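Colleague: Structure provided below as structure tokens; questions to follow.
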Amino acid sequence: MDLNQFRKIFPSDGACRKYLEKVVWPHGRVCPHCGCLKSWLLSGGSVRAGLYECSGCRGQFTVTTKTPMHSTKLPLRTWLLAMYFLINSSKGVSSVFLAKWLGVNQKTAWKIGHAIRAMMAAHAASLRLLDGIVELDEKYLGGKPRFQQGVKHPRGKGTRKACIHVAVSRQGPVQARMIPGDSYAVLAPYIKQVVSPAARIMTDQLQPYVAIGKQFAGHDRVHHGIKEFARGQAHVNTAESFNAILERAKQGVFHFVSSRHLPRYLSEVMFRWNNRDPVEKKRNGLSKIVMQAKPVLEQLGILLNQAVGTQLRRTIYGGVATPQPLFRG
Ligand SMILES: [Zn+2]
């Protein structure tokens with residue numbers, strides 16, 4: 001879908017509202033306050049468009065109530081357009097560009113971006129446990145320390161960079177989170193929350209994985225220290241290609257990411273990875289399976305499925321805060 005098609009599908013705010021109601025309430029209207037299934041449309045001169053009254057609690061609501069678009073003053077079309085940009089860009093969108101494209105100021109664009117990323121985080125939390133062959137890896141992400149003459153700064157682990165744990169199922173979804181270090185006490189409970197016990201895990205030589213591996217159906221390790229990167233099926237190349245995307249997004253778009261906002265940017269990169277389908281491509285008579293992004297409209301539906309309950313809260317500093325999605329387990 002290109003921008004012209006977007007304009008055709010969503011010509012007006014009314015069309016956007018109709019679309020949102022269809023996606024957010026696929027089985028009929030639900031009152032976001034009490035869950036009641038019976039409600040009626042309010043009408044009259046002074047009534048906002050799309051305002052309903054619940055028969056159960058008598059509360060009023062619209063399709064955006066208790067979603068990240070709650071009490072928005074922006075046209076719904078601006079919101080959908082922002083989602084379109086975030087889904088469609090392969091590397092991520094900075095708030096400066098988003099502001100230009102949407103015709104809003106940068107502060108507003110920043111808030112819209114984070115509201116959409118909150119839905120993306122909810123999507124990651126809603127996925128099933130990773131299964132099959134699952135690669136586990138850690139990545140250290142953060143800004144470079146200031147240049148100092150004659151000082152060689154250490155890299156990666158042991159620096160103040162944020163530790164990100166990456167768990168990725170081969171040909172399947174990824175789960176990446178910021179974790180407070182790579183000790184057994186941190187890794188073991190976290191990995192249980194995202195990886196199925198029936199999975200066969202692949203890791204590098206990090207010591208805590210020895211004990212963690214015993215809690216899964218199988219465990220293979222590659223020894224990066226002695227330049228062993230693959231041994232038959234045993235490798236963590238998929239996790240490393242996700243890490244490379246993360247690194248590029250950081251350098252190209254997010255520039256400097258403070259660890260406070262890092263989890264939200266992670267959600268954006270994860271959402272893109274997790275919404276691809278395997279497609280057979282033929283080249284020179286050879287067929288190859290490559291991962292291709294799902295159609296934008298399909299991704300938009302998947303994203304908006306997460307809208308209810310992901311309402312953003314304003315912080316006392318004027319920023320936004322999202323209730324962090326909870327894990328099962
Ligand atoms: Zn109600």
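The values are calculated or read from the model by the stated rules, or taken from the named source; none is laboratory data. Remember, it's a predicted structure, so these values are computed and weren't measured experimentally. All Cβ positions, glycine included, derive from the backbone under ideal geometry; neighbour counts span all protein chains shown. For accessibility, only protein heavy atoms count, side chains too; no ligands or nucleic acids. Shrake-Rupley method; radii C 1.70, N 1.55, O 1.52, S 1.80 Å.
Colleague: Given Pro32, Pro68, which one is touching a Lys or Arg at 6+ places or on another chain (Cβ under 6 Å), closer than 29 Å to Ser267 by Cα and either at pLDDT 95 or above or surrounded by 15 or more Cβ atoms within 10 Å (Cβ to Cβ) (or both)?
Modeller: Answer to the check: Pro32.
Colleague: Additional query: Give Arg77, Arg58 a once-over and let me know the one that is at positive phi and open to solvent by 50 Å² or more (accessible area, probe 1.4 Å).
Modeller: Arg58 is the lone residue from the list that is at positive phi and open to solvent by 50 Å² or more (accessible area, probe 1.4 Å).
Colleague: Look at the range 104-144 and say how many of its residues are closer than 23 Å to Gln171 by Cβ and either basic (Lys, Arg) or free of Cβ contacts under 8 Å to residues at least 40 places away in the same chain (or both).
Modeller: 2
Colleague: Mind listing just one residue for me: the one in the range 3-25 that is free of Cβ contacts under 8 Å to residues at least 24 places away in the same chain and either among the basic types (Lys, Arg) or over 15 Å from Arg77 (Cα atoms) (or both) and, of those, most open to solvent (accessible area, probe 1.4 Å)?
Modeller: Ranking the qualifying residues of the range 3-25, first place goes to Lys8.
Colleague: Residues that are more than 21 Å from the chain's Cα centre (by Cα), open to solvent by 70 Å² or more (accessible area, probe 1.4 Å) and modelled with pLDDT under 85: does the range 268-283 have at least one?
Modeller: Yes - at least one qualifying residue is present in the range 268-283.
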